[in-house]
């Protein structure tokens, strides 16, 4: 009965619609869109299916000297090409698979294929252009062709989908399309983040490990076609290198001294700040000042305060405020930072500066913690007649222990990455004049290796630094698990 | 939000003194105990303020010294330690802006415009000619140019990174898609790896892109490439995504559903509701990012030391050697340092709340 009625309705309505413009558009518009899409996509697929041939042959005669097939496939210079190839090789099969899978559910399949191919083409073209730019060439015919094809097919697919959505699809299909789109929308929003993270975060993780385990790796040599054997030679040479041990020693020393010192001081200041009311805002602002300043710039000020120029050759020609104060109190001038100064006086200045620099963050965190402490504990302690010192050790410190743990852990991590405060005081020679590199740190060592185009050694040192930071953080976590009251 | 707590009662308010007193105590004893406690309390207060004042002086002294030294004469600076300059030398500041190096005798000297003759060795070059530029090169501290470069990098990278961060944080906070949880966890995991590990490869990547050209006289294209190498690698900050996502999550979901019922699109909802409601966090991110550009030293020195010099790199690179005495001109150096520091202090004065908020949030993340 109902089927008959439905049948009647369909029979009734269909003849009317065939005459309307809408119905005609339904019939022809998608076809009109599809013809160029199919043609262009087919051309694109031809370009796609021979990506290697594209990169080598079709791109440009200018690139003959930079043959991709020479040497190691993962070589540094060819990175953009590899990325392009991976994109191309992944996009096409993925597009086809998605199309086949989706076809049965949503009738969106071929559109997905077209969009995927378009993106693949665009990526190939852009990759090529970047690669050419890296050799100071203008984008070649191939890259331009890829980009144009990709944009046109993408545009046409969009138009086709819009027409289909507006004219052809019934409500159920529309709803289905919408839900499909919503499913991918999250990834669309994340696209820029994922692309950038892929290039500048994920790839470096793998590549740094790879470079660290290729003996004597240098990226310039790799470009030149040299191959490297797998091994731990980089780590060995780093460890054997005397400069590295100096850096390691300096870093350890600075961290071990400055972290407890600055934490204690910050705790004292925070407690004092928390127990006064007038002027607290003012003090808080002053103590936060070092945080917003430039570590290099203020380092130069510290240098100026401690300096004593020309003390190594005779009577100093310029004496800083610190030495004048020492003399005023009847002490002897000390050559803190200039040529001919001692290692420990250098270290002393560095420690003061690093502590000065580290205080604001720690005070801020600890003060925030203190203000969250329930006042009832202190009232209870007062009623019990506990002394101030006892209250401090038995109430303040335990209740603040999560903050202290946090400050110590971040302090250790920051300490092992110490670099710019030393540059601020001593310049990028990392030491007083005549003794360059004496105060170098782990990070400084890594940057020296990068500047010297010694990526293998730099990677090995970076991995060692990571391992140290990881182990120290784990130890910190373990200790704080036992001691911290959450 | 934590700001209000600051205004709580200070915890030194004494408990009522009479309550804990033993019964046998006389009126006089109670009075004397109360007096003693008051004295102790005042002494403790004085001690606290003394300690804080000393610490504050230590913290603030380098700033004061920088300020004072920057207006002294070289003689006064070198030969005395006066706390107030006997003579104000404002020329130190012009020196920070316009310093030139003579090609033939390598001396640095200052001049209000690019010189035509070297005061030391007498090298001459016609005004406005190409030889003049090579003969008297900027001595690394053309502060105006450095400011411009740094602001350009700061503004562009902040804008791009805000867009990227907002979209990503929105996707993580409001949209549902497969693999969201895993992806977010992976993103957070990358925060544990020290940045130096990435830098090694990123330097290679960036130079493979053709972005590095450390020539002293770069072409416009080389400048643009150097600019890209300063902006692009640091656009994504997982921490800011995390911060903003937490902020977005606090906005009640009912608002979103209501907007959906009204037929508002996601982007419009993001623009009209989410962004205004999380404006303080966005301001924090902007300021921290701009300050990052201002203070960054290591990466800019590595990739664009000469082709696109940022302010900190230029500052550290300038020597301020006096051409006649061959001694470092510390007052001029301090003037340059002061000029570089002042924008930071201004930002701090006007946006203190936002900076502290951003920092304390980062403090709470662990």
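The values are calculated or read from the model by the stated rules, or taken from the named source; none is laboratory data. What you see is a predicted model, and the numbers here were worked out from it, not measured in a lab. With ideal geometry, Cβ positions are generated from the backbone for all residues, glycine too; neighbour counts draw on all protein chains shown.
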| task | Working carefully through the options B:231, B:238, B:200, find the one that is touching a residue at least 60 places away in the same chain (Cβ under 8 Å) and closer than 30 Å to residue A:206 by Cβ. | result | B:231
| task | Would you point out which residue out of B:130, B:125, B:171 is over 28 Å from the mean Cα position of the chain (by Cα) and either assigned by TED's automatic domain parsing to the domain that holds residue B:288 or within 29 Å of residue B:244 (Cβ to Cβ) (or both)? | result | B:171
| field | Hey, residue A:402 out of contact with any strand residue (DSSP E or B) (no Cβ under 9 Å at 6 or more places or on another chain), assigned to a loop (DSSP other than H, G, I, E, B) and in contact (Cβ under 8 Å) with a residue 60 or more places away in the chain or not | value | no
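Based on what the data block shows, is residue B:144 assigned to a loop (DSSP other than H, G, I, E, B), modelled with pLDDT under 90 and more than 12 Å from chain A (Cβ to nearest Cβ)? Can you show your working first?
Details: assigned to a loop (DSSP other than H, G, I, E, B): no; modelled with pLDDT under 90: yes; more than 12 Å from chain A (Cβ to nearest Cβ): yes.
Answer is no for this residue.
Would you say residue A:278 is surrounded by fewer than 19 Cβ atoms within 10 Å (Cβ to Cβ) and more than 30 Å from residue B:187 (Cα to Cα)? Steps first, answer last, please.
Working: surrounded by fewer than 19 Cβ atoms within 10 Å (Cβ to Cβ): yes; more than 30 Å from residue B:187 (Cα to Cα): yes.
Yes.
What helices (runs of 4 or more DSSP H) lie completely within the stretch B:22-97 and have 2 or more residues being under 18 Å from residue B:332 (Cβ atoms) and at pLDDT 85 or above?
B:27-69
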| field | Those residues of the stretch A:182-226 which are in a loop (DSSP other than H, G, I, E, B), touching a strand residue (DSSP E or B) at 6+ places or on another chain (Cβ under 9 Å) and in contact (Cβ under 8 Å) with a residue 24 or more places away in the chain, in sequence order | value | A:215
| said: residue A:446 - would you say it is within 8 Å of chain B (Cβ to nearest Cβ), under 20 Å from the mean Cα position of the chain (by Cα) and closer than 26 Å to residue A:337 by Cα? | reply: yes
| query | Looking at the stretch A:307-364, which of its residues are within 14 Å of chain B (Cβ to nearest Cβ), within 45 Å of the chain's Cα centre (by Cα), without any contact (Cβ under 8 Å) to a residue 60 or more places away in the chain and not in a helix (DSSP H, G or I)? | reply | A:307, A:308, A:309, A:310, A:311, A:318, A:319, A:320
| task | Considering only the stretch B:65-79, state which residues are more than 8 Å from every other protein chain (Cβ to nearest Cβ) and either in contact with a helix residue (DSSP H, G or I) (Cβ under 9 Å, 6 or more places away or on another chain) or touching a residue at least 24 places away in the same chain (Cβ under 8 Å) (or both). | result | B:67, B:68, B:70, B:71, B:72, B:73, B:74, B:76
| message | With the condition being within 17 Å of residue B:153 (Cα to Cα), I'd like the helices (runs of 4 or more DSSP H) fully within the stretch B:186-297 carrying at least 3 qualifying residues. | response | B:220-231, B:279-295
| said: Which numbered condition in (1) without any contact (Cβ under 8 Å) to a residue 40 or more places away in the chain; (2) more than 7 Å from chain B (Cβ to nearest Cβ); (3) within 36 Å of the chain's Cα centre (by Cα); (4) under 19 Å from residue B:338 (Cβ atoms) is the only one that residue A:281 fails? | reply: (4)
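Condition test on residue A:424, is it over 23 Å from residue B:202 (Cβ atoms), within 9 Å of chain B (Cβ to nearest Cβ) and crowded, with 20+ Cβ neighbours inside 10 Å?
Details: over 23 Å from residue B:202 (Cβ atoms): yes; within 9 Å of chain B (Cβ to nearest Cβ): yes; crowded, with 20+ Cβ neighbours inside 10 Å: yes.
When the stated conditions are applied, residue A:424 passes them.
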